[in-house]
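Q: Please read through the structure below; I'll follow up with questions.
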Amino acid sequence: MKSLYLASESPRRQNILQQLGVDFELLPPQPSEDPELLEIAQPNEPAQQYVQRVTFNKLQAAKTRLTNQNKTWAPILCADTCVCIKTQTSDILLGKPQNLHEAKRMLNQLNGQAHWVYTAVAIATSLQDPGILRLSSSEVFFGENSDLHIERYLATNEPIGKAGAYGIQGLGSALIERIHGSYSGIMGLPIYETIQLLDLAKIPYMLSP
């Protein structure tokens, strides 16, 4: 019996839990589910509010999934990441591009600018537990990348399926001048906040007391 369910298919989140030495089992969405429905933003929704709402929705969906599959209970961990450009009046959310045209538009929006990456991570310790959530906030500064630089990055296909059309853990890091915040949070699972939740749920990991 694993000590934790991870309700995510993200290889990056899995890798981070593996690095922490957490004994976990995947609890990904089933083919009958449409996870993207949970990620639809509401009109004028602030980015921090959006990512927390989506994470709690994912946690509830995972609890229902666990019950439907008649699996033995263990705490459930899930997370969500959003990328946003802040203006004086609103947050512009940049989701996951479905094609290179969308990815190019997003990268041009980010180029030479600062933007924010928010990752919410939540854990439920019982079916009745609505979940405990922690939020990681990071500011990312893109350099003044040339059109050719961006085109070559697009040619790798790495931007597809990644929030904001880049992966900081991959070649996307070549576009970034500096960050203020959590590198692991930008990857998709902030280690500091995750460890806080593991401690609260009494789940062992490599550095646990």
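The rows are residues; the columns are (1) among the hydroxyl-bearing types (S, T, Y); (2) modelled with pLDDT of 95 or more; (3) under 25 Å from I195 (Cβ atoms).
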{"residue": "N44", "(1), (2), (3)": "no, no, no"}
{"residue": "T64", "(1), (2), (3)": "yes, no, no"}
{"residue": "T67", "(1), (2), (3)": "yes, no, no"}
{"residue": "N70", "(1), (2), (3)": "no, no, no"}
{"residue": "L77", "(1), (2), (3)": "no, yes, yes"}
{"residue": "T87", "(1), (2), (3)": "yes, no, no"}
{"residue": "S90", "(1), (2), (3)": "yes, no, no"}
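Q: Only residues in region 102-131 that are closer than 22 Å to G172 by Cα count as the first member; pair them with residues that are among the hydroxyl-bearing types (S, T, Y) and surrounded by fewer than 18 Cβ atoms within 10 Å (Cβ to Cβ), Cβ under 6 angstrom, at least 6 apart or cross-chain, and list the lot.
A: Y118/S137
Q: Confirm whether Q113 is modelled with pLDDT of 95 or more and among the polar types (S, T, N, Q).
A: Yes.
Q: May I pose another question? Among the residues of region 8-34 satisfying the criterion of being without any contact (Cβ under 8 Å) to a residue 24 or more places away in the chain and under 22 Å from D129 (Cβ atoms), which is least open to solvent (accessible area, probe 1.4 Å)?
A: P28
Q: With respect to the numbered conditions (1) open to solvent by 60 Å² or more (accessible area, probe 1.4 Å); (2) of a type in the set (A, V, I, L, M, F, W, C); (3) touching a helix residue (DSSP H, G or I) at 6+ places or on another chain (Cβ under 7 Å), which one is the sole condition not fulfilled by I85?
A: Going through the list (1) open to solvent by 60 Å² or more (accessible area, probe 1.4 Å); (2) of a type in the set (A, V, I, L, M, F, W, C); (3) touching a helix residue (DSSP H, G or I) at 6+ places or on another chain (Cβ under 7 Å), I85 breaks only (1).
Q: All but one of (1) hydrophobic (A, V, I, L, M, F, W, C); (2) part of a helix (DSSP H, G or I); (3) farther than 18 Å from C84 by Cβ hold for I203; which doesn't?
A: Going through the list (1) hydrophobic (A, V, I, L, M, F, W, C); (2) part of a helix (DSSP H, G or I); (3) farther than 18 Å from C84 by Cβ, I203 breaks only (2).
Q: Mind listing just one residue for me: the one in region 65-82 that is in a loop (DSSP other than H, G, I, E, B) and farther than 19 Å from E33 by Cα and, of those, least open to solvent (accessible area, probe 1.4 Å)?
A: If we take residues in region 65-82 being in a loop (DSSP other than H, G, I, E, B) and farther than 19 Å from E33 by Cα, then A74 is least open to solvent (accessible area, probe 1.4 Å).
Q: Next question. Within region 49-64, restricting attention to residues that are touching a residue at least 40 places away in the same chain (Cβ under 8 Å) and of a type in the set (S, T, Y), which residue is surrounded by the most Cβ atoms within 10 Å (Cβ to Cβ)?
A: Selected residue: T55.
Q: Does region 86-130 hold any residues that are among the hydrophobic types (A, V, I, L, M, F, W, C) and in contact with a Ser or Thr (Cβ under 9 Å, 6 or more places away or on another chain), and which are they?
A: Initially, region 86-130 is screened for residues among the hydrophobic types (A, V, I, L, M, F, W, C), giving 92-94, 100, 103, 106-107, 110, 114, 116-117, 120-124, 127.
Answer for region 86-130, where residues must be among the hydrophobic types (A, V, I, L, M, F, W, C) and in contact with a Ser or Thr (Cβ under 9 Å, 6 or more places away or on another chain): W116, V117, A120, V121, A122, I123, L127.
Q: Continuing with the same structure: Listed residues L154, L148, L197, L133; which is touching a Ser or Thr at 6+ places or on another chain (Cβ under 7 Å) and modelled with pLDDT of 95 or more?
A: That would be L133, the only listed residue that is touching a Ser or Thr at 6+ places or on another chain (Cβ under 7 Å) and modelled with pLDDT of 95 or more.
Q: Working only within region 35-48, note down all residues that are open to solvent by 30 Å² or more (accessible area, probe 1.4 Å) and among the aliphatic types (A, V, I, L, M).
A: Hits for region 35-48 are L37, L38, I40, A41.
Q: Would it be correct to say that K2 is within 30 Å of G112 (Cα to Cα), open to solvent by 50 Å² or more (accessible area, probe 1.4 Å) and basic (K, R)?
A: In short, no.
Q: Still on this structure, I have one more. Could you run through region 23-38 and say how many residues are in contact with a Lys or Arg (Cβ under 9 Å, 6 or more places away or on another chain) and either aromatic (F, W, Y) or not in a helix (DSSP H, G or I) (or both)?
A: 8
The values are calculated or read from the model by the stated rules, or taken from the named source; none is laboratory data. Here the structure is a predicted model, which is why all the values come from computation and not from measurement. In this analysis, Cβ positions are derived from the backbone assuming ideal geometry, glycine residues included, and neighbour counts consider all displayed protein chains. When the accessible area is computed, the model is the full protein with side chains, heavy atoms only, and any ligands, DNA or RNA have been set aside. Shrake-Rupley method; radii C 1.70, N 1.55, O 1.52, S 1.80 Å.
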